[in-house]
Structure formats: structure tokens, C-alpha cells
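A.B. asks: Input: one structure, supplied below.
The values are calculated or read from the model by the stated rules, or taken from the named source; none is laboratory data. Worth saying up front: this structure is predicted, and the values here are computed from it rather than measured. Cβ: placed from backbone, ideal geometry, glycine included. Neighbour counts: every protein chain shown. Just so you know, the surface numbers come from the protein's heavy atoms only, side chains and all, with ligands and any DNA or RNA stripped out. Shrake-Rupley method; radii C 1.70, N 1.55, O 1.52, S 1.80 Å.
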Amino acid sequence: MAEQTSIVKCLVWDLDNTLWQGTLLEDGDVRLPDSVRELVTELDSRGILQSVASKNDHDQAWKRLEALGVAEYFVLPRIGWGPKSDSVREIADELGFALGTVAFVDDQPAERAEVRFHLPEVRCYDAGRLPELAALPEFSPVTVTVDSRRRRQMYQAGFRRKSAEAEFQGPSDDFLRSLELQMRIGRATEDELSRVEELTLRTSQMNATGVHYSSSDLRALLADPRHEVLVTTLTDRFGPHGAVGLQLLEKHAGVWNLKLLATSCRVVSFGAGSVLLGWLVDQAAHAGVHLVADFRRTERNRMMEIAYRLAGFTDEPCDCRAGLPEPAQEDVQRLHLLPAPCAPPPTMKLHTVSLEGV
Amino acid sequence: MNQDPATTAEGIAQAITAFVSKRVGADVPADQDLFESGLVSSLFAMELVVHLEQAFSVQILGDDLKRDNFRSVRAMTALVLRLNGAGHATGA
Ligand SMILES: [Zn+2]
């Protein structure tokens with residue numbers, strides 16, 4: 001039954017007599033109860049996406065959602081006359097969510113049965129249970145971060161970005177430039193710690209050591225003057241990508257040890273990992289120190305090794321290696337680089353802190 | 001067997017030139033420094049690694065991933081030839 005208590009990532013709503021009271025095509029007028037409006041905004045703030053599967057006239061129903069002031073809360077709405085199981089499946093596919101993380105709420109037992117028959121993993125709720133929904137464990141994520149509160153906006157920006165890319169003709173660097181990417185690299189604050197922890201849990205693919213740091217590990221390091229905990233956020237003309245990168249750096253005399261570099265898989269195609277490395281190499285060059293990066297090969301982080309090697313990291317011996325404490329984990333390789341100043345990337349604008357001094 | 005275009009220097013160079021030219025939207029002479037001319041970004045370099053591995057069934061590991069090996073069509077051709085040769089030498 002573990003599956004039953006996993007967190008719902010998207011709730012798909014029926015409209016007539018579920019989201020609103022009344023039947024739009026029969027009554028003309030429908031009413032959105034305050035309690036339902038509050039539920040929609042509450043789930044949104046918890047980072048749970050919401051969508052619509054309704055048998056209705058599309059334009060009329062969408063206009064009504066807009067008039068009620070809630071249209072913006074729903075992503076990828078499916079309003080038409082097809083089976084609701086098709087709608088729910090399409091929504092899950094397009095979001096890239098497993099069906100076990102999707103829920104469906106409808107007042108009609110026949111509609112719930114139809115969805116349950118074709119998609120047994122989808123959790124179905126009677127509209128009569130709406131008042132208790134927010135208190136159920138599957139709708140109550142343990143950590144709610146800055147990014148989960150903005151998750152819907154990030155998805156909506158993602159859809160606009162995707163269609164722009166599909167329409168764009170020409171080299172991909174030109175497309176990247178057209179996105180007007182802005183990367184911010186700053187020291188993590190207490191508030192950002194939960195956000196950072198979520199990042200290390202979610203980004204196994206691009207985690208250079210495969211080591212997970214809990215928020216208490218990281219909190220301890222924030223207070224340590226030898227360590228830099230750096231968080232990277234990315235935005236473009238379509239909106240925010242949220243926190244996409246984490247660097248953990250230990251500064252010694254003459255050498256900086258990059259103990260962790262993790263970037264979100266969502267931004268690999270923007271070259272975010274290489275940009276972060278390039279910036280760090282440039283900072284080290286100006287501080288006059290060598291760089292040593294910890295790397296532990298996992299089945300999924302090959303792109304990270306390629307990024308390190310292409311940035312110039314090697315296995316070469318160097319006296320600076322002797323000054324470093326042993327790595328916390330076995331089978332960690334230490335890649336070395338003698339930094340040279342590095343030009344800013346042509347594809348994005350950087351806003352960063354300076355690591356010199358301190 | 002030896003005439004398979006994927007194993008001759010000329011065939012490899014042609015295939016790499018075609019791939020790079022298409023992606024950067026320009027003619028690319030075999031000796032052109034792709035990084036210096038700004039034709040290849042770090043991101044595209046990562047794509048090149050993956051592309052060469054798939055197109056020529058080679059594995060590019062460790063020190064072979066250094067930037068100089070991807071600097072020009074000629075450098076990439078030499079890398080692929082060397083890795084191919086190593087594979088054949090072990091009797092594959
Ligand atoms: Zn050194």
C-alpha cells in the first residue's frame with residue numbers, strides 16, 4: 001500500500017458539479033464555492049499541479065474558468081467529448097508523470113469507474129470528499145519549497161519554451177541566445193536550504209559524486225568559513241526554471257576542492273553544467289589557486305565527467321593534492337585543473353558573487 | 001572489410017564534417033579550430049562526444065575526453081581511428 005500514500009503530483013478535475021456547482025450547458029450559470037477556490041489555491045501553493053478533464057464545450061467552459069478567475073491554475077486542460085481515461089492519460093504523458101502520481105476527482109460514479117477501469121493506478125475521488133482532500137497525506141508534501149510554490153508557473157513556462165523551440169529554425173546556440181537566459185550564482189541562505197536539498201535528491205543524473213547532502217549537513221557547512229555552498233537559479237524570457245544547480249566548495253590555501261556539483265536534468269540542454277564550471281575556473285584563476293574536483297562515477301553521471309574533462313580537468317599529479325584531506329567516500333577520483341581565466345558564455349548572462357577573499 | 005567507410009580516415013572525416021557542418025550551418029575545413037572560431041560551444045562539444053561514440057561504436061574515456069581531441073575534424077578523426085584500431089587489435 002506504499003503506492004497509495006505516495007504524493008499526488010497532479011490532480012485532474014471534472015467541472016460540472018465538482019469544481020463548480022451546476023451544469024454549464026444546462027443551467028448556463030454555475031457557482032464556484034469559496035471552499036473549492038481555496039482548495040485550488042492551497043494545492044497550487046503546495047506544488048501540486050492541477051488539470052481538467054471535462055465533457056463540455058471547450059470554449060465556453062474555458063471562458064467560464066477565466067471569468068471565475070481560476071483558469072491560470074490549470075495546466076493542459078482537456079475539455080471535449082472523449083473518454084476521461086484518455087484525457088487523464090494524455091495529461092500524465094505530457095507532464096511526464098507516472099499514472100500512480102495522478103489523481104482524478106469527479107461527482108459521477110460512472111466517470112470514476114471508467115477512469116479506474118482503464119487506468120487502475122490513478123487514484124479517484126468522489127467530489128463529496130473535496131472538503132477533506134487538503135488534509136489527506138497524499139496531498140500533503142513534507143517539504144514545500146520556493147520552487148514547489150512556483151512549480152505550476154515553471155511548467156507553464158516550459159510548455160511555451162517547448163513550442164518556441166519547435167518553431168525555431170537554425171543552430172541550437174542561436175536558439176539558446178533567443179531565450180535570453182539569465183543565470184544567478186549566489187551563496188545559499190537558510191531559506192534556500194530545503195530547496196537545495198530537493199535538488200540533490202532529484203538530480204542523481206548530474207550529481208558528480210552521487211553523495212546526498214541533507215539540509216542539516218548543509219546547514220552546518222553554511223556556518224563554516226572554509227566552505228562555500230552556492231545555489232544557481234536560471235530564468236529566461238518564458239519564466240523561471242528555479243534552483244538548477246548546487247556547488248559545494250572547500251577552500252584551502254592554494255587549492256579549492258569542489259566536493260559537489262549537481263545540476264538539474266532540466267537544464268542540461270542549456271549547457272548549465274559547463275557554464276557553472278567555466279565560472280568556477282575563472283574565479284579560481286583570479287584567486288590564484290588550483291582546482292581539484294571530486295568525481296565518483298555512477299551509472300547516470302557520465303555527462304558530468306565529460307563536462308569536467310572538456311573543461312580541462314585531468315588525472316595529472318600535482319603537489320596541491322597532498323594538502324587535501326581524504327575524500328569522505330571511497331572510489332572518489334580527484335580531477336585536477338590549473339585554472340586560466342575563462343570568458344563568459346556566449347549563450348547566457350551571468351549574475352554572480354565573487355569567491356575571492358572571504 | 002577494410003573498405004567500410006566507417007573505418008577509413010577519409011570516410012570518418014567525411015562523416016564528421018557532414019555532422020558538424022550541418023549543426024553549425026557552415027562549411028568546416030578539416031583543420032579549422034572549432035573552439036577558437038567559436039563554432040563549437042561546450043554544450044556542442046558534449047554532443048560531439050556522444051555522437052562520435054554512437055556513430056563509430058567507440059568509447060571515449062578519461063584523458064581521451066580532453067578538449068584538444070575535439071578541436072578540429074582532423075583531431076576527431078585521429079581519435080576515432082586510434083580507438084577503432086585499439087578495438088580491432090584486441091580481436092573484436
Ligand atoms: Zn595543483
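A.B. asks: Could you give the size of the charge dipole of segment A:17-108 about its Cα centre, using +1 on the Cβ of each K and R and -1 on the Cβ of each D and E, expressed in debye and rounded to the nearest 20? Present the calculation step by step, with values, prior to reporting the outcome.
C.D. replies: Values: 9 positive and 17 negative charges, 26 e Å.
In debye, rounded to 20, segment A:17-108 gives about 120.
A.B. asks: If each of A:Glu180 and A:Arg300 carries a label point 7 Å out from its Cα toward its Cβ, how far apart are those two points in nm?
C.D. replies: Calculated label separation equals 3.4 nm.
A.B. asks: Another question, then. If you take each beta carbon of peptide B:35-43 and count the beta carbons of other chains within 10 angstrom, what is the mean?
C.D. replies: On the way: counts 1, 0, 0, 2, 2, 1, 10, 12, 15.
If you average over the peptide's residues, the count of other-chain Cβ atoms is 5.
A.B. asks: Another question, then. For chain A, set up a Gaussian network in which alpha carbons nearer than 10 Å are linked by springs, and say which option among A:Asp191, A:Asp282, A:Asp294 fluctuates the most.
C.D. replies: Maximum among the listed residues: A:Asp191.
A.B. asks: Could you check the spin-label model distance between B:Val50 and A:Thr314? Points 7 Å from the Cα along Cα→Cβ, value in nm.
C.D. replies: According to this spin-label approximation, the distance is 2.7 nm.
A.B. asks: Considering protein heavy atoms only and a 1.4 Å probe radius, which residues within segment B:45-68 exhibit an accessible-area decrease of no less than 50 Å² in the full assembly relative to the chain by itself?
C.D. replies: The answer is B:Met46, B:Leu65.
A.B. asks: Over chain A, with every protein chain in place, what whole percent of the accessible area is carbon and sulfur at 1.4 Å, could you tell me?
C.D. replies: Carbon-and-sulfur percentage of accessible area, whole number: 51.
A.B. asks: Please sort A:129-135, A:300-306 by packing, taking for each peptide the average over its residues of neighbouring beta carbons within 10 angstrom, highest first.
C.D. replies: A:300-306, A:129-135
A.B. asks: Taking Rh as the Kirkwood radius computed over C-alpha pairs, what is the Stokes-Einstein D of the protein assembly as shown at 10 °C in a medium of viscosity 1.306 mPa s, expressed in µm² per second?
C.D. replies: 64
A.B. asks: Given H placed on each backbone N at 1.01 Å, which residues far from A:Gln50 in sequence or on other chains put an amide H within less than 5 Å of it?
C.D. replies: A:Leu11, A:Val75
A.B. asks: Here is a follow-up. In deg cm²/dmol and to the nearest 500, what is the mean residue ellipticity at 222 nm of the protein assembly as shown if only DSSP H runs of at least 4 residues count, each as -39500 (n - 2.57), divided by the residue total?
C.D. replies: Details: 17 runs with 175 residues, N = 450.
Only helices count here, giving -11500 deg cm²/dmol.
A.B. asks: State the answer as a single residue: which of A:Phe159, A:Leu25, A:Leu11 lies farthest towards the positive end of the charge dipole of chain A, with beta carbon charges of +1 for Lys and Arg and -1 for Asp and Glu, about the Cα centre.
C.D. replies: Among A:Phe159, A:Leu25, A:Leu11, the one farthest towards the positive end of the dipole of chain A is A:Phe159.
A.B. asks: Averaged across A:271-278, how many Cβ atoms of other chains sit within 10 Å of each residue's Cβ atom?
C.D. replies: 3
A.B. asks: Which of the helices in chain A meet the span-like rule: DSSP H, Cα axial reach of 18 Å or more, Kyte-Doolittle mean at least -0.5? Walk me through the intermediate numbers first.
C.D. replies: Values: long enough: A:151-167 (24 Å, -1.66); A:272-287 (23 Å, 0.89).
Span-like helices, by this rule, are A:272-287.
A.B. asks: Turning to a different aspect of this structure: Per residue, what accessible area does segment A:10-142 have, given a 1.4 Å probe and all protein chains present, in Å²?
C.D. replies: 43
A.B. asks: Moving to a separate point now. Over chain A, how many pairs of lysines fall under 27 Å by alpha carbon, counting only those 8 or more apart in sequence or from different chains?
C.D. replies: Here the count comes out as 13.
A.B. asks: While we're on this one: Suppose all protein chains stay in the model; what accessible area per residue would a 1.4 Å probe give for segment B:5-87, in Å²?
C.D. replies: Per-residue value: 47 Å².
A.B. asks: Please report how far the C-alpha centroid of segment B:27-68 lies from that of segment A:244-270, rounded to the nearest whole angstrom.
C.D. replies: Cα centres, segment B:27-68 to segment A:244-270: 23 Å.
A.B. asks: Using θ = phi - 60° and the Karplus relation 6.51 cos²θ - 1.76 cosθ + 1.60, list the HN-Hα couplings for segment A:123-130 in order, rounded to whole Hz, with x at every Gly or Pro.
C.D. replies: 7, 10, 10, 6, 4, x, 8, 3
A.B. asks: Could you do me a favour and compute the accessible area per residue for segment A:201-358, 1.4 Å probe, result in Å²?
C.D. replies: 42
A.B. asks: Could you size up the charge dipole of the protein assembly as shown around its Cα centre, putting +1 on the beta carbon of Lys and Arg and -1 on that of Asp and Glu, and report it in debye to the nearest 20? Mind dumping the intermediate values first?
C.D. replies: On the way: 47 positive and 64 negative charges, 121 e Å.
With only Lys, Arg, Asp and Glu charged at Cβ, the dipole is about 580 debye.
A.B. asks: Any idea of the total accessible area buried by the A-B contact, 1.4 Å probe, rounded to 100 Å²? Display every interim value, and only then the final one.
C.D. replies: Working: alone 16900 and 5660 Å², together 21130 Å².
Buried area between the two chains comes out at roughly 1400 Å².
A.B. asks: Mind checking A:304-317 for the average number of partner chain beta-carbons within 10 Å of each residue's beta-carbon? Don't jump to the answer; show the numbers that get you there.
C.D. replies: Details: counts 0, 3, 10, 6, 1, 12, 12, 4, 3, 2, 4, 2, 1, 0.
Partner Cβ neighbours, averaged per residue: 4.
A.B. asks: For A:Gln153 and A:Ser214, calculate 0.36 nm times their separation in residues minus their Cα-Cα distance, and state this gained length in nm to one decimal.
C.D. replies: Between A:Gln153 and A:Ser214, full extension yields 19.3 nm more.
A.B. asks: Once Lys and Arg get +1 and Asp and Glu get -1 on their Cβ, which of B:Gln59, A:Ala343, A:Met304 lies farthest toward the positive end of the dipole of the protein assembly as shown?
C.D. replies: It is A:Ala343, whose Cα lies furthest towards the positive end.
A.B. asks: Would you mind checking the radius of gyration and Dmax of chain B based on alpha-carbon positions, in Å?
C.D. replies: Reported Rg and Dmax, both Å: 12.8, 40.
A.B. asks: Tell me, what HN-Hα J-couplings in whole Hz come from the Karplus equation 6.51 cos²θ - 1.76 cosθ + 1.60 at θ = phi - 60° for each residue of segment A:180-187, using x for Gly and Pro?
C.D. replies: Each residue of segment A:180-187 in turn: 6, 5, 10, 10, 10, 10, x, 6 Hz.
A.B. asks: Any idea what the dipole of segment A:71-192 comes to, in debye rounded to 20, about its Cα centre with Lys/Arg Cβ at +1 and Asp/Glu Cβ at -1?
C.D. replies: With only Lys, Arg, Asp and Glu charged at Cβ, the dipole is about 140 debye.
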